[in-house]
1. Is it possible to state the helix-based mean residue ellipticity at 222 nm for the protein assembly as shown, with each DSSP H run of 4+ residues giving -39500 (n - 2.57), the sum divided by total residues, to the nearest 500 deg cm²/dmol? What is it?
2. Gain in length, residue B:61 to residue B:193, computed as 0.36 nm per residue apart minus the alpha-carbon separation, to one decimal in nm?
3. Which residues in the stretch B:153-196 have a backbone N closer than 16 Å to a point placed 7 Å from the Cα of residue B:37 along the Cα-to-Cβ line?
4. Against the longest alpha carbon principal axis of chain A, how many degrees, from 0 to 90 and to the nearest 10, is the axis of helix A:36-45 turned?
5. Decide, for the stretch A:114-248, between rounded, prolate and oblate: order the square roots of the alpha carbon gyration tensor eigenvalues as a ≥ b ≥ c, take rounded if a/c falls under 1.5, and otherwise choose prolate if a/b is larger than b/c, else oblate.
6. Please work out whether chain B counts as rounded, prolate or oblate from its C-alpha gyration tensor, where a ≥ b ≥ c are the square roots of the eigenvalues and a/c under 1.5 means rounded, while otherwise a/b larger than b/c means prolate and anything else oblate?
7. Diagonalise the Cα gyration tensor of the stretch A:6-111 and give the resulting equivalent ellipsoid semi-axes, square root of 5 times each eigenvalue, largest first, whole Å.
8. Each residue of the stretch A:104-120 in order: what ³J(HN,Hα) in whole Hz does its phi give by Karplus 6.51 cos²θ - 1.76 cosθ + 1.60, θ = phi - 60°, with x for Gly and Pro?
Amino acid sequence: MSAEKVIRLKVKRKDQMDSESYWEEFAIPYRPNMNVISALMEIQRNPVNAEGTKVRSVAWEYNCLEEVCGACSMRINGKVRQACSTLVEKLEQPIQLEPMETFPVEKDLVVDRQRMFDALQKIKGWIPIDGTYAMGSGPLISSREQQEAYKFSTCMTCGCCLDACPNVNSGSPFIGPQALAQTKYFNMHPTGKLTKNERLEVVIGDEGISNCGNSQNCVEVCPKDIPLTTALAELNHEANRYALWSWLKK
Amino acid sequence: MRSNSLTADLQPINKNIRKRFVLSRLHSLAGIVPLGIFMVEHLLTNSTALLGREKYNEQIHLIQSIPFLPLLEIFLVAIPLIFHAGYGIYLSMISKSNTQTYKYERNRLFFFQRVTGITTLVFIIYHVWSFRLAPVFYGTEINFDLVNSHLENVFVFSFYVIGVVGAVFHFSNGIRTGLITWGVTKGPASQRIAQRICLLFFAVFGVLGVTSLFAFI
C-alpha cells in the first residue's frame, strides 16, 4: 500500500470573540486541484487534528467559490487573499491560515467586515435617483468612462486592501482604500456627481485620505486588480481643491 | 441596532474634522518647500569644500552676511522642521509596518521613509548643536577647520555619512510621495517615472553629500 499524500494545515483559531487565539494543525488527504476552501471542507467533513483528536470543525465564510463575493478573504501563509482562488499545490506547507485581524475576529477565520459597509454609508455609496416625480433618463456615459467605472464596480468588499494597509489599524481612524475608491466611483457618475461634495467632506475628514501613507499595498493585494492607488491620487487632487476652495468661500 | 436608512448620519461639517487633513498637507508642504529646498541649498553650499578651504570659507561668509539670517533660520527652517518632525513621529507611530509579509518595493520605501525620518531627526539635532548652536554659545568661528576637527573622528564621520544619505533619501522619496499627495502623478506609469527621477535625484545628491564630507578630511 502506498503512503497517502497529505496536506498539512496550520490554522489560527479562536473559539469566540473574547477568547484567546491558538494554533491547531491538521493533516488532510490530498486530492488533485484542491483549493484552500476544499481543504477546509475536508476538515469540516472529518474534524480531527494532526494529533488525532476530534475537535470542533474550523469556521470560515464562503459563498461564490469564484472570487466575486469577497467572503472568503483570509491570510494564507501570511498574505491576505481569497481562499477560493488559492490553489493548495502552489502553496508552501504547512499552509498557515489566519483571519484578517484588522477586523474583529468572531470565530476561527470568520471576521466582521461591518466597518466597510458602514464606510459605504458614510461616503454615500449610491446614486441618488429617488424623488417625488419621474426625473427622466439620466445623462449618457461615454463607453470610455463606463470601462473605467467598471473596474471600480467589481469591488466585492472583501477587505484585502484594508488588511494589507499599514495605516488601517486600531490606532488610526483611516476609513481605508475600499471606501475611498468607491468615492471616486460614485463621484464619476454623472448623477452621482450631484452629491460629490458631500462625499469629499468625508475624504477630507478625520477618517479620510490624509491617513494614506502611499505604501500602495492595497493595489498589490486587490484580488480584482482595481486601480486603487490611481483613485487615491485622483481623490488627493479633488480633495485638495475642494478643501481650499470651500475654505476660501467661507 | 444598525439603521438601514439610505441617509447615513452626516458628520457635522466643522474645522476640527478637517484638522488632520490640513495638518497632513502642511506636513507635506513643509517637507518640500522650506525644508527640502533648504537641504539642497545646504548640500550645494557644503560641496564648495570640494573646491578647497578658501572657497568654502568664502561661501560661509557670504551666507552669514544674509540680512536677518536668524529670523530666516527660525521661520523658514526651525519652525517647519519642528512641525514636520513632530507630525512625522505621530504618523509613524500610528502606522503598523508590515514589510516582513508584504515585500513590495513601495511598501519598503514606506518603511524606510519612517526609519530615515527618525535618523534624520537625530542627525539634525546633533548637527545643529555642533555647527549652529555650540558656536553661538562658545563663540567659535564656523569655518572649514571647525568642520574638519569634527569629521576627523571616525565615529562622527560615519554618523555623518548615515545622516546625510538618510536625509537625502527622505527628501527624494518624499518628493515621490508628495507628487501623489498633491495629486500630480495619478496613474502607475507616471508614478513609476517619478520614482526613477527621484532615484536619480537621490543618487546625485547622495554622492554629492558624501564626497563633500570626504573633502573636509
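Laboratory data are not the source of any read-out in this text; all were calculated from the coordinates shown. Because the structure is predicted, anything quoted here is derived from the model rather than measured. Every residue, glycine as well, gets a Cβ built from its backbone with ideal geometry; the counts of neighbours run over all protein chains shown.
1. Only helices count here, giving -16000 deg cm²/dmol.
2. Values: separation 132, 0.36 × 132 = 47.52 nm, distance 3.95 nm.
That works out to 43.6 nm of additional length.
3. Zone members listed by number: B:175.
4. 50
5. Numbers: a/c = 1.73, a/b = 1.38, b/c = 1.25.
It comes out prolate by the Cα gyration axes.
6. Details: a/c = 2.37, a/b = 1.83, b/c = 1.30.
Here chain B falls in the prolate category.
7. They are 19, 18, 12 Å, listed largest first.
8. Whole-Hz 3J(HN,Hα) from phi for the stretch A:104-120: x, 8, 8, 6, 6, 9, 8, 10, 9, 8, 3, 4, 6, 6, 4, 4, 5.
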